[in-house]
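Just below is one structure, and these are the notes that go with it.
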Amino acid sequence: MCTQGPIGVAAALSSSTPIRTALSQFLLVNRVAVVTGGHRGLGLEMALALAEVGAIVYCLSQSTSPNEDWLKVQSFAERLPSLEEGGRGRLEYVKADVANQEELEKVVQGIVDKEGRIDICVANAGILRVRESLDCPRDDFHQVLATNLNGVMFTVQAVGRQMEHLGIPGSIIVISSIAGHVALRCTPCVAYGASKGAILQMTRSLACELAPKGIRVNSISPGFFETKMIRDYADEKPEYEAQWAGQKPLGRIGRADEIRGVILWLAGDASTFCTGSDVLVDGGYCAW
Ligand SMILES: NC(=O)c1ccc[n+]([C@@H]2O[C@H](COP(=O)([O-])OP(=O)(O)OC[C@H]3O[C@@H](n4cnc5c(N)ncnc54)[C@H](OP(=O)(O)O)[C@@H]3O)[C@@H](O)[C@H]2O)c1
């Protein structure tokens, strides 16, 4: 192909528009984020990572008020040094049940009324029920789908509508699971797997529909991280832990902080050409 002049970074260097350095593409100063299930576990870890690079992060969760651990993390975020042009992130907590569409919409509207914008949405709230398929109680099946599937849809709708209305080229990140890609060995969880597979497909549909509005939608599929979600089952059935670790090429369970890199990449300007993608963060579980 014949070119008329410099392309790529050479073109950027010859133009008058300031180029963004690699590190600055990860800054989220003055951006507003919502993280559902941001009360603990992966949600809180991702919320803090976003706040550390300057975002104002609203942690939405089902508990009426935040617990001591969450307040400690909030106070840590308050003490972080300020970033470029004095920008500083922070964490806020708001009660919202993702399965309750009305409540969620009111909460998101309240955030927009207060902050004037919304740039990032992490649809993370989820529950796991380990049950043999043929014995899975109907209520368990419904509850898992209500939280993990309906809850993600309601979250994306509530935030996506605001992004569209405000003309913001936002980034929406859906938290799926390796269980949405493959059946988990030795861990029967039919409702969970169905919900996580469904939201992978939802991500692709939403990405295509929302792209013309400038809104990106991607998903992350974690696999066995040390959080309350899996700790409860490992404590109940100690053999689970060794099985989960042994089923991964990396041979261990993930630490919650190992989700940070991918959320920072997907939330901000380092991933502006990425939509409809899924990123596995699973210690290699799905590679075998
Ligand atoms: N840990 C893993 O190995 C792993 C692997 C794959 C995928 N994931 C996914 O990652 C996400 C986070 O998991 P985690 O391990 O951090 O779980 P976790 O420690 O159990 O935390 C789940 C969070 O979701 C909140 N939540 C649950 N139901 C809710 C509802 N109806 N409305 C609002 N919030 C609700 C909980 O709220 P409260 O604290 O207020 O009760 C909690 O803060 C989930 O979607 C999970 O499926 C996790």
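Bear in mind these aren't lab numbers, they're just calculated from the coordinates by the rules spelled out. If you're wondering where the values come from, they're calculated on a predicted model, not measured in any experiment. Neighbour counts are summed over all protein chains in view; Cβ atoms, including those assigned to glycine, are modelled from backbone coordinates with ideal geometry.
Size of the chain along its principal axes in angstrom, Cα-based, largest extent first?
64, 48, 36
Charges on Cβ only, +1 for Lys and Arg, -1 for Asp and Glu, centred on the Cα centroid of the chain; of V9, G167, P222, which one is farthest towards the dipole's positive end?
V9
Please give the net charge around G116, taking every other residue with its beta carbon less than 15 angstrom from that of G116, where Lys and Arg add +1 and Asp and Glu add -1.
It works out to a net charge of -1.
At S82 and L200, where each label point lies 7 Å from the Cα along Cα→Cβ, what is the point-to-point distance in nanometres?
For the pair S82/L200, the computed spacing is 4.5 nm.
Among P137, V108, N30, which residue has its Cα positioned farthest towards the positive end of the charge dipole of the chain, with +1 placed on the Cβ of Lys and Arg, -1 on the Cβ of Asp and Glu, and the dipole taken about the Cα centre?
Looking along the dipole axis, the top candidate is N30.
Restricting to DSSP H runs of at least four residues, report the calculated mean residue ellipticity at 222 nm for the chain, -39500 (n - 2.57) per run over all residues, nearest 500 deg cm²/dmol.
Helix-only estimate at 222 nm: -12000 deg cm²/dmol.
Gaussian network model of the chain, Cα springs within a sub-10 Å range: biggest mean-square fluctuation belongs to which of K95, K213, K114?
Maximum fluctuation in the GNM of the chain, among the listed residues, is at K114.
Say R0 is 22 Å: what FRET efficiency, to the nearest 0.05, do F273 and E115 get from their beta-carbon distance?
Efficiency at R0 = 22 Å is approximately 0.25.
Over the range 18-169, what per residue volume does the convex hull of the Cα atoms give, in whole Å³?
134
Using a 7 Å offset from Cα along Cα-Cβ at I7, what residues in the range 267-288 end up with backbone N under 20 Å from the label point?
Residues 272-274 fall inside that zone.
Ranking T64, T21, T187 by Cβ neighbours within 10 Å, fewest first, what do you get?
Fewest-to-most ranking of T64, T21, T187: T64, T21, T187.
Full extension from S65 to D235: what is 0.36 nm times the residue separation minus their Cα-Cα distance, to one decimal in nm?
Gain on stretching S65 to D235: 58.6 nm.
Give me W244, W265 sorted ascending by neighbouring Cβ count inside 10 Å, so fewest comes first.
Fewest-to-most ranking of W244, W265: W265, W244.
What is the sum of charges around I259, taking Lys and Arg as +1, Asp and Glu as -1, for the other residues whose C-beta is under 12 Å from the C-beta of I259?
Result for the local shell: -3.
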